[in-house]
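A.B. asks: One structure coming up, written as structure tokens, with questions to follow.
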Amino acid sequence: MLIIGIAGGTGCGKTTVVNQILNELPEGEVGIISQDSYYKDTTYLSYEERITINFDHPRSIDFDLLENHLKELKKGNPIHQPVYSFVKHNRTGDTLVTHPRKVMIVEGILILTNPELRKMFDIKIFVHADTDERLIRRLKRDICERGRDLDEVLTRYQNTLKPMHEQFIEPTKEYADIIIPNNKHNTVAIDIVRSIIHQKL
Ligand SMILES: Nc1ncnc2c1ncn2[C@@H]1O[C@H](COP(=O)(O)OP(=O)(O)O)[C@@H](O)[C@H]1O
Ligand SMILES: Nc1ccn([C@@H]2O[C@H](COP(=O)(O)O)[C@@H](O)[C@H]2O)c(=O)n1
């Protein structure tokens, strides 16, 4: 199994890049794991307490579960990937059965901060987009798709997103084998990653 880790700050286009890579690849040959599914279960907290969580700090992620799931997939076993709700700020209680594939892509802002995960990735990719571009994309996306308003996104940006990006996420660029510039759609980079995957299938 080839495991590809795709990191980069919020709004850089990780999900979009993954979808572009999957386009034109045989359906069902490549599996996806999203770091967002591994936000820690916070059912014991009230909604008011959950919205104060710093979701851009590595401690918000259940890395042990993510690592165990990758190990199970490597052994050939299916896993139950938790389903996360950005509206409830918590896991939904549902899970998505994820079967092992020849190629697994793991994507998320903080995945390269964890040394054990880094060791498991055969290829490490960092998607880069400028800070202002990422903020504009995040604003549009969170308002349209994640039930947020302008004030929520900007407050979160100032209090946690920006400082955590500088402290934890941007420094992981140095671990990347490939850096994809993504201020604009980068079809050449996508084709390169796709051809690496093709060789493995
Ligand atoms: N290269 C790009 N040019 C313009 N918009 C983009 C680009 N890549 C992604 N987007 C848009 O930016 C938003 C955030 O992208 P997404 O892939 O969800 O980022 P991430 O998963 O890194 O947070 C989405 O609305 C997406 O359509
Ligand atoms: N309840 C939550 C959990 C996370 N976030 C934000 O999501 C971002 C990571 O997801 P991307 O798809 O943008 O990579 C991260 O920056 C968290 O702030 C949230 O808003 N609410």
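A.B. asks: Compute the FRET efficiency between Val83 and Glu24 as 1/(1 + (r/R0)^6), taking r as their Cβ-Cβ distance and R0 = 30 Å, and round to the nearest 0.05.
C.D. replies: Efficiency computed from Cβ-Cβ geometry: 0.65.
A.B. asks: So which of Lys14/Lys140; Lys71/Lys162; Lys71/Lys102; Lys40/Lys200; Lys40/Lys71 end up more than 25 Å apart, counting from Cα to Cα?
C.D. replies: Lys71/Lys162; Lys40/Lys200, as the Cα separations exceed 25 Å there.
A.B. asks: When 1/r is averaged over all different Cα pairs and the result inverted, which Kirkwood radius in Å belongs to the chain?
C.D. replies: So the Kirkwood estimate lands at 17.4 Å.
A.B. asks: What is the dipole size for the chain, taken about its Cα centre, with +1 at each Lys and Arg Cβ and -1 at each Asp and Glu Cβ, in debye to the nearest 20?
C.D. replies: Value, rounded to 20: 300 debye.
A.B. asks: Taking the simple approach of a point 7 Å from Cα along Cα-to-Cβ for both Asp177 and Thr42, what is their distance in nm?
C.D. replies: Output for this residue pair reads 3.4 nm.
A.B. asks: List the residues whose amide H sits under 5 Å from the amide H of Ile180, counting only those 5 or more places along or on another chain, with H placed 1.01 Å from N in the peptide plane.
C.D. replies: Phe126, Val127, His128
A.B. asks: Shifting gears a bit: At 7 Å along the Cα-to-beta-carbon direction for both Thr16 and Arg141, put a label point, then send me their distance in nm to one decimal.
C.D. replies: Computed distance between label sites Thr16 and Arg141 equals 0.9 nm.
A.B. asks: Next question. Just to confirm my numbers, what's the Cα centroid distance between the range 110-184 and the range 10-38 in Å?
C.D. replies: Cα centres, the range 110-184 to the range 10-38: 15 Å.
A.B. asks: Same structure again: Using alpha-carbon pairs under 8 Å, 6+ residues apart, how would you state the relative contact order of the chain in percent?
C.D. replies: Working: 318 pairs, mean separation 70.6, N = 201.
Relative contact order comes out at 35 percent.
A.B. asks: On to the next question. Give me the one-decimal nm value for the distance between modelled label points at Lys71 and Thr95, 7 Å along each residue's Cα-to-Cβ direction.
C.D. replies: For Lys71 paired with Thr95, the spin-label model returns 1.6 nm.
A.B. asks: Would you calculate a helix-derived [θ] at 222 nm for the chain, using -39,500 (n - 2.57) for each DSSP H run of n ≥ 4 and dividing by the full residue count, to the nearest 500? Please report the intermediate quantities before stating the final value.
C.D. replies: Numbers: 7 runs with 68 residues, N = 201.
The helix-only estimate for the chain comes to -10000 deg cm²/dmol at 222 nm.
Values quoted throughout were computed directly from the atomic coordinates according to the rules given, and no laboratory measurement underlies them. From a predicted model like this one, the values you see are computed outputs, not experimental measurements. FYI the Cβ positions are ideal-geometry reconstructions off the backbone, even for glycines, and counts take in every protein chain you see.
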